[in-house]
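Step one of this worksheet: look at the structure below.
The values are calculated or read from the model by the stated rules, or taken from the named source; none is laboratory data. Keep in mind that this is a model prediction, so the values were computed, not measured. Reconstructed Cβ throughout: ideal geometry from the backbone, glycine too, with neighbour counts over all protein chains shown. Ligands, DNA and RNA are stripped out before the accessible areas are found, and what is left, the full protein with its side chains, is counted by its heavy atoms. Shrake-Rupley method; radii C 1.70, N 1.55, O 1.52, S 1.80 Å.
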There are 2 protein chains.
Amino acid sequence: MFQSLRIACRLRPGVRFAATAPVQSVSSELAPRPQTAVLMMNMGGPSHPEDTGPFLQRLFQDRDIIELPGGPFVQKYLGEFIAKRRTPDVQAQYELIGGSPIRKWTEHQGEEMCKILDVKHPESAPHKAYTAFRYAHPLTDEALDEMEADGVRRVVAFSQFPQWSCTTSGSSLNELWRKVKERKMEANFDWSIIDRWPLHAGFIDAVSDRILTGLEQFDEADHHKVVILFSAHSVPMKVVNKGDHYVPEVAGSVKAVMDQLQTKWTNEGKRVPRHILAWQSKVGYLPWMVPSTADVIEGLGKRNSKHVLVVPVAFTSDHIETLYEIGMEYAEEAEEHGISHFKWTEGLNGSKVFINALADIVSTHLKSGELYSPQYKMKCIGCTKPLCRQIINPATSSTSN
Amino acid sequence: MFQSLRIACRLRPGVRFAATAPVQSVSSELAPRPQTAVLMMNMGGPSHPEDTGPFLQRLFQDRDIIELPGGPFVQKYLGEFIAKRRTPDVQAQYELIGGSPIRKWTEHQGEEMCKILDVKHPESAPHKAYTAFRYAHPLTDEALDEMEADGVRRVVAFSQFPQWSCTTSGSSLNELWRKVKERKMEANFDWSIIDRWPLHAGFIDAVSDRILTGLEQFDEADHHKVVILFSAHSVPMKVVNKGDHYVPEVAGSVKAVMDQLQTKWTNEGKRVPRHILAWQSKVGYLPWMVPSTADVIEGLGKRNSKHVLVVPVAFTSDHIETLYEIGMEYAEEAEEHGISHFKWTEGLNGSKVFINALADIVSTHLKSGELYSPQYKMKCIGCTKPLCRQIINPATSSTSN
């Protein structure tokens, strides 16, 4: 998320802009009124590199992800100023990767998930997926408009961050409640929330599956030499100190993936590769969660490791931190440090295992009648944000605590 | 482990010394020669408060757990000096808890585990447990002497820290290899290592079981109000930064425990309580892993939480950090912050579920023919310690990587 802040010091000039084609809305006037909306919430990214400016401005003005000194009023202007200064470098990075694919993948995942859901949980069919991005189109306002136009009442707010962080899932939900209140839509929709799913078996399967495919990039005889480097976006230690659950939940996902692979491989008489969890994309001078992915790559290179497989574990689609930072920046650094076989796994993107997992998460949620996970109400120590961990107009209050 | 460094500012004067009875060795001249030794490795603690001085001296002279400035030579004297200064306060804490129960529990666990092992894995029977503590009796030297006297060849070095840290399990194993080399015993024993078991199903069961028992201290009607506060010993961020696996492995244990409880409780139509992972016993001014247990207790109190259950998750027996720090110090702080129902779970101690888990870990290890876990050879980034992640005279080299 903060990749946008980093200076693209190795940009090659003259690289052509190669954005993905604009994605068409999937709504149709002929479709039956959806009984259940699934709101796919994520941070989003500029599908077209020229959208980078407004994307960065929303990001730097969001006090849930970054608190600039001087309070909310100052941040409005300071955020805009920083975003403007950063735009050329970050836009050039988006040009290198052909724009952010996150909208394309989120819409694909949502559509395919709903097809499975209609079969898996017909009681709440037809289901329709809507996308609400925090910093890019379609924004929360646009999703609310679309759901209203479709005449939807029951909405599952589905965080697309497998692990909770106040800086990501928290920011998306705060924005949702803020917009619902601002627009006096409190009574329009009945809400429940899927706020995290770090250990969901299907999600763990999907990551394991990507690792198995990723390992195919190495000679089978070299598999035991590979170091699996799980890389998640770092967070400031100030956030960790408040009791944000992101770091332990990411670690939980990693351990669950490796535990599953170890069971599978032991049954096949093979030895699971070594692994390490590291944290990427730190920005600024304050301490963030460590070890950093870059330091680990450098250290592995110095220790003469030649085979590294990077696995992004906290994001479900490819994005600038995978396509540019891992795929270009770290790849170049790895080469400099002598890692001759530096590979990375594709984001979950169009993975059928993953899309099945999404459908399973939603149908399990709907069957349970739960409003949110047991952890949703575990507000950070010292948090004073009024909307944080709220739910407006819950679909049912029977299971609330 | 660093509790010893903390000033016991609330000690009540005149508390009588109440050490546990000295524990007798379980070896007997009539017993058959053990075919397999299981070396229970842990940091240990002073069984008798008057042993606190030498215990602290060994701890402060150990550069695996704490690197004092000035190098190994300076640390020998500086460590002794600090230990002497700290002894009165720490000894008073040990007097309050009646001495460290870790030897009593480790010997009990080892004995009971071997009884199960003899039935579960007769191929390697008879099994005999030996104890090697890093800072208290019986020290590594004593364990080596005892194993030699018993004529043992095959030894499983079994770290009693469920999660790996270079500061604990790493230090114990480095000490083992150092002593084996110093005493020219390289050819005396055939070794394999159980270096970690953070997600072992039986261990997870044992912690869950303690939580279920711990919850019985609250009215059932209040269970949904309880916050489960997992507390692990903190580590310096310098250690985390090197890629030490302790933080992600502890988080993995916590998530596995909560995942298991959630499945169980959901099946029973109940809602699992909220939880948080925090880190205790920081010492000094450098940054350590956060949030701190004390800060979380204060924050929960300020937020009007009245029901807290503390669960130690990174140690298998009660020790000064549970009996004194949680049971006395934090309990007093919790009361000051208005937490009227502050409870904690007992260490795994004599838990039959846990002892069964220990036996299962060893028998699975023996059956697998593995020398160590896949992670054992994942040395920290920048580590230059020559003995770190070694194995001397491996029992078999067929599965080594």
Worksheet item: Nearest-5 percent of antiparallel DSSP beta bridges in segment A:201-344?
Response: 5
Worksheet item: When only Cα pairs under 8 Å and 6 or more residues apart are kept, what is the percent relative contact order across chain A?
Response: 21
Worksheet item: Which order do A:148, B:220, A:329 take when ranked by solvent-accessible area (1.4 Å probe, heavy atoms of all protein chains), largest first?
Response: B:220, A:148, A:329
Worksheet item: Using +1 on the beta carbon of Lys and Arg, -1 on that of Asp and Glu, and nothing else charged, what's the dipole of chain B about the Cα centre, debye to 20?
Response: 960
Discussion item. Can you tell me the mean projection area, over all orientations, of the convex hull of segment B:26-139's alpha carbons? Units nm², please.
Written reply: 8.8
Item to complete: Give me a single rounded figure for A:291-299: the average over its residues of other chain Cβ atoms within 10 Å of their Cβ.
Response: 3
Worksheet entry | √(5λ) per eigenvalue of the Cα gyration tensor, chain A, largest first, Å | 33, 26, 21
Discussion item. As I understand it, the value is the acute angle between the Cα axis of helix B:201-215 and the longest principal axis of the Cα atoms of chain B; what does it come to in degrees, rounded to 10?
Written reply: 30
Fill in: Scattering profile of segment B:201-344 at q = 0.15, 0.18 Å⁻¹ [log10 I(q)/I(0), Debye over alpha-carbon scatterers]
-0.76, -1.08
Fill in: Surface accessible to a 1.4 Å probe, per residue, for the residues of segment A:201-344, Å²
35
Worksheet item: So, how do all the Cα-to-Cα distances of the protein assembly as shown break down into 20 Å bins, in percent, from 0 on up?
Response: 15, 47, 31, 7, 0
Response to the item:
One finds the C-alpha centres of segment A:279-295 and segment B:46-118 to be spaced, in Å, by 35
Worksheet item: In what sequence, largest accessible area first, do B:276, B:116 appear using a 1.4 Å probe?
Response: B:116, B:276
Item to complete: Report the closest approach of any chain A C-beta to the axis of the A-to-B rotation: residue and distance, in whole angstrom.
Response: A:251, 2
Worksheet item: Of all DSSP beta bridges located in the protein assembly as shown, what percent are antiparallel, nearest 5?
Response: 5
Worksheet entry | Residues losing 30 Å² or more accessible surface upon assembly, segment A:271-290, compared with the chain by itself, 1.4 Å | A:271, A:274, A:275, A:276, A:289, A:290
Fill in: Hits among aspartates and glutamates - C-alpha to C-alpha of residue A:115 under 17 Å, sequence gap 8 or more where chains match
A:107, A:123, A:360
Worksheet item: Peptide A:240-250: average number of partner chain Cβ atoms within 10 Å per residue?
Response: 5
Discussion item. Quick check on segment A:312-391: take the gyration tensor over C-alpha atoms, sort the square-rooted eigenvalues as a ≥ b ≥ c, and tell me if it's rounded (a/c under 1.5), prolate or oblate.
Written reply: oblate
Worksheet item: Going by the alpha-carbon gyration tensor, a ≥ b ≥ c the square roots of its eigenvalues, is segment B:245-304 rounded (a/c under 1.5) or, if a/c is not under 1.5, prolate (a/b greater than b/c) versus oblate?
Response: oblate
Worksheet item: What is the sum of charges around residue A:101, taking Lys and Arg as +1, Asp and Glu as -1, for the other residues whose C-beta is under 11 Å from the C-beta of residue A:101?
Response: -1
Discussion item. Within segment B:201-344, what whole-number % of the accessible surface is contributed by carbon and sulfur, with the 1.4 Å probe and all protein chains included in the calculation?
Written reply: 51
Worksheet item: Counting Lys and Arg as +1 and Asp and Glu as -1, each charge on the Cβ, what is the dipole of the protein assembly as shown about the Cα centre in debye, to the nearest 20?
Response: 980
Practice prompt. Can you tell me the relative contact order of segment B:201-344? Whole percent, Cα pairs under 8 Å, sequence separation 6 or more.
Written response: 33
Worksheet item: If you put +1 on each Lys and Arg Cβ and -1 on each Asp and Glu Cβ, how big is the dipole of segment A:201-344 around its Cα centre, in Debye rounded to 20?
Response: 560
Discussion item. Quick check: net charge around residue B:342, other residues with Cβ under 11 Å of its Cβ, Lys/Arg +1 and Asp/Glu -1?
Written reply: -2
Worksheet entry | Label distances, nm, residue A:50 versus same residue in remaining copies, Cβ-directed 7 Å point | 8.6
Worksheet, complete the sentence: Sorted shortest first, the nm distances from the residue A:338 label point (7 Å along Cα→Cβ) to its counterparts in the other copies are 6.0
Discussion item. Sort B:265-273, B:83-91 by the packing proxy (mean of other Cβ within 10 Å over each peptide's residues), most packed first.
Written reply: B:83-91, B:265-273
Worksheet item: With Cβ to Cβ distances under 10 Å as the rule, what net charge do the other residues near residue B:188 carry (K, R +1; D, E -1)?
Response: 0
Worksheet item: What's the center-to-center distance, using Cα atoms, between segment B:325-401 and segment A:328-401 in Å?
Response: 29
Item to complete: Count, for each residue of A:195-206, the Cβ atoms from other chains sitting within 10 Å of its Cβ, then give me the mean as a whole number.
Response: 1
Worksheet item: Say the dipole of the protein assembly as shown comes from +1 at the beta carbon of Lys and Arg and -1 at that of Asp and Glu; which of B:135, A:61, B:96 then lies farthest toward its positive end?
Response: A:61
Worksheet item: Where the label is 7 Å out from Cα toward Cβ, how close does residue B:264 come to the same position in every other copy, in nm, shortest first?
Response: 2.8
Fill in: Accessible surface buried upon B-A contact (total; probe 1.4 Å; Å², nearest 100)
3800
